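Below is one structure, written out as structure tokens; the observations come after it.
The values are calculated or read from the model by the stated rules, or taken from the named source; none is laboratory data. Here the structure is a predicted model, which means the values were calculated and not measured. Here the Cβ positions follow ideal geometry from the backbone for every residue, glycine too, while neighbour counts run over all protein chains shown. SASA here: full protein model, heavy atoms, side chains in, ligands and nucleic acids out. Shrake-Rupley method; radii C 1.70, N 1.55, O 1.52, S 1.80 Å.
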Amino acid sequence: MSGVFYITTPIYYVNSHPHIGHAYTTIATDVFRRYRKLFEEDTYFLTGTDEHGQKIAESAASSGIGPKEFVDRMASEFREMWPHLHIEQDQFIRTTDPDHQRAVQAILQKIHDQGEIYLKEYEGLYCVGCERFLDEGELNEEGHCPDHHKPPQQHREQNYFFRMSAYQDWLIGRLKDDEEMVFPGRYRNELLRFLDQPLQDLCISRPKSRLSWGIDLPFDDSYVTYVWFDALLNYVSALGWPKDPRFDRYWEHCHHIIGKDILKTHGIYWPCMLKAAGLPLFKKLVVHGHWVVSGSKMSKSLGNVVNPLEMKDRIGVDGLRYFLLREMSFGEDSNFTEELALSRYHGELANNLGNLINRSVSMSRSSFDGRIPPRGSVADQETELYDELEHGSISVKELITQFQPHRAIKRITSMSTAVNKYLDENKPWLLAKEESQRDRLGTVLYTALDASTWLASLLEPVMPEKMAHARQQLGQTGPAPFFAKLKPGLLQSGVSLEKPQPLFPRIRIEGADTKEKTMKETKITEKPASPPDQAPPEIGIETFQQLDLRTGKILKCRRVKDSDKLLVSQVDLGEENPRSIVSGVAEFYQPEEMVGRSVIIVANLKPVKLRGERSEGMILATDDGETVKIVEAPADALPGTVVR
């Protein structure tokens, strides 16, 4: 083993059913864990459920049952969901587990004995949804909780407090010294901005007169533990703290995967709790954005959730896993629509990778008696292709360890495109017609099969079932090779090839007469895959002439607020005023690099708003699957010159 890797999801609050947000976090964590196993690391993957607190008690009462019966029922929904989504955790923890409760009480007693927990009367604004007191500065303009869109309630009661304020300077120093502690880095900056204000002590109890469903405080049984103080400690209690060897083995390698809505609890409360308990800090906090439906964060309280099992029934489990990991840039919010899911499914899976595997196997079977052809002599084209695969694989590993799965998958897609291009350029369907080219035909088809097996192995952490089937169709049985074994010659010539079945059958939407159809309203059926090498539909010159392409000069450029992908430029098109145009090139260009460039603009697009910014056109760019490059106009072209 080359390393140790401990990865966790948040433990999910069981006041309602699992939804696509839970599925995304857990699938992403599962994918990271599977890649680390591919890299031959010793891994441990923890998930589970958070089962105490006021919302649980209220939901149980609404259901007419006791809290324990309610959480048993809801925890089963989460536990039973994960195998359906090809998730394989090492441990599923529940905060009602006796071992967890003992660990929570032991740590509370330790911190209390140090004099860092005290009793006082407090009055403040309490959000039932967040299950914590909010500062006035956290409220939105309407005076509501920004996450739950409801006004907090005024509460006055006596409670126990943790002297979290004593750790403010230490935490600021730690965040400044360790730039890798939080990813993406802008969330580290967000924590530091929060710490610009005095850090308040943390209320860690609830009186039993108001809430009895929780873990008793070990030093005062008339109170239960605040749900977040209880829940956060699952990450250490799961490893058997303090005496289990798993704690010594894995804790210092801990990576927490969380949504940005729980950044404060994990980035402020949790480090201070660990410091007070005398425990080492986690290694990294990895923060993702939200799935957005109709402009709002997907959440149970807003009632706009999508059931992951319904979604996987439409595009398959692995199709869902691929879409979720491919679509969301870590740290950014992403739109969740059926149209996007189907676009990824058809464009990158069915038409690219699936088509590559299908035609490689089909041509090999027809030309070499149903077997993998001999490898034959290797020419420059094969050397160049394998170089592309080797360099691409190194890039994929780097991006995965940097927690950028969307870019890693995009890189694999570009590698698949390169193999398709290799086939198109070498034209095995023509080589098969000439007996003198039989050796060359074998080399080309072997290389396509071998490269496809390489790609399937790289994608197996994302699509474990589909890619195992792909490798089987390609003539490779058993587990996927480790990353270090991905080299030319993965396949053995002469092995029988099964008749290929479409890995990603085309999906047809019946009755989809508007783009606003929801997943529940739309019935989807499968139809056979389109023929290999199907070209995009042709358009007439009249259609092309509808585009108004003009040269423009970028005068100013800046980043779009809260976006890692978007830039907004002021572009001179020779008109009275510059146009504002948003482009998705921020991963490849700094704003200052854009200024002064002569570019080509689609000038007659209908204006739209992107992330609150008006966009009045499109800047043309190339995208090879890995890098986006601006298409530049001649430097001496006047702004507004027509491009034909």
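Is one or more of the residues making up the range 215-222 open to solvent by less than 10 Å² (accessible area, probe 1.4 Å), farther than 18 Å from Ile111 by Cα and either outside any strand (DSSP E or B) or among the basic types (Lys, Arg) (or both)? Walk me through how you get there before you give the answer.
So the first thing to find is which residues in the range 215-222 are open to solvent by less than 10 Å² (accessible area, probe 1.4 Å), and the list is 215, 217.
Subsequent filtering for residues that are farther than 18 Å from Ile111 by Cα retains none.
Checked against the condition, which is being open to solvent by less than 10 Å² (accessible area, probe 1.4 Å), farther than 18 Å from Ile111 by Cα and either outside any strand (DSSP E or B) or among the basic types (Lys, Arg) (or both), the range 215-222 yields no hits at all.
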Qualifying residue in the range 112-120 (condition: more than 25 Å from Lys55 (Cβ to Cβ), in contact with a helix residue (DSSP H, G or I) (Cβ under 9 Å, 6 or more places away or on another chain) and of a type in the set (Asp, Glu)): yes
Filtered residue count, the range 176-188, keeping only those that are in a loop (DSSP other than H, G, I, E, B), touching a residue at least 24 places away in the same chain (Cβ under 8 Å) and either in contact with a Leu (Cβ under 9 Å, 6 or more places away or on another chain) or surrounded by 13 or more Cβ atoms within 10 Å (Cβ to Cβ) (or both): 2
Hits in the range 43-81 (condition: within 22 Å of the chain's Cα centre (by Cα), open to solvent by less than 30 Å² (accessible area, probe 1.4 Å) and either more than 30 Å from His255 (Cβ to Cβ) or without any contact (Cβ under 8 Å) to a residue 60 or more places away in the chain (or both)): Thr43, Phe45, Thr47, Thr49
Residue in the range 467-476 that is open to solvent by 10 Å² or more (accessible area, probe 1.4 Å) and more than 32 Å from the chain's Cα centre (by Cα) present: no
Close pairs from the range 409-422: first within 13 Å of Leu459 (Cβ to Cβ), partner of a type in the set (A, V, I, L, M, F, W, C) and outside any helix (DSSP H, G or I), Cβ under 8 Å, at least 6 apart: Ile409/Val462
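Can you pull out the residues in the range 477-502 that are modelled with pLDDT of 95 or more and crowded, with 16+ Cβ neighbours inside 10 Å? Can you show your working first?
Restricting attention to the range 477-502, the residues satisfying the condition of being modelled with pLDDT of 95 or more are 481-497.
Correct list: Pro481, Phe483, Leu486, Pro488, Leu490, Leu491, Ser493, Leu497.
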Criterion (open to solvent by less than 30 Å² (accessible area, probe 1.4 Å) and more than 19 Å from Leu232 (Cα to Cα)) met by exactly one of Leu191, Leu195, Leu171: Leu195
Filtered residues of the range 240-259 (kept if of a type in the set (A, V, I, L, M, F, W, C) and either under 27 Å from Phe330 (Cα atoms) or under 23 Å from the mean Cα position of the chain (by Cα) (or both)): Trp251, Cys254, Ile257, Ile258
Flag for Thr26 being touching a His at 6+ places or on another chain (Cβ under 7 Å), at pLDDT 95 or above and within 15 Å of Gln89 (Cβ to Cβ): no
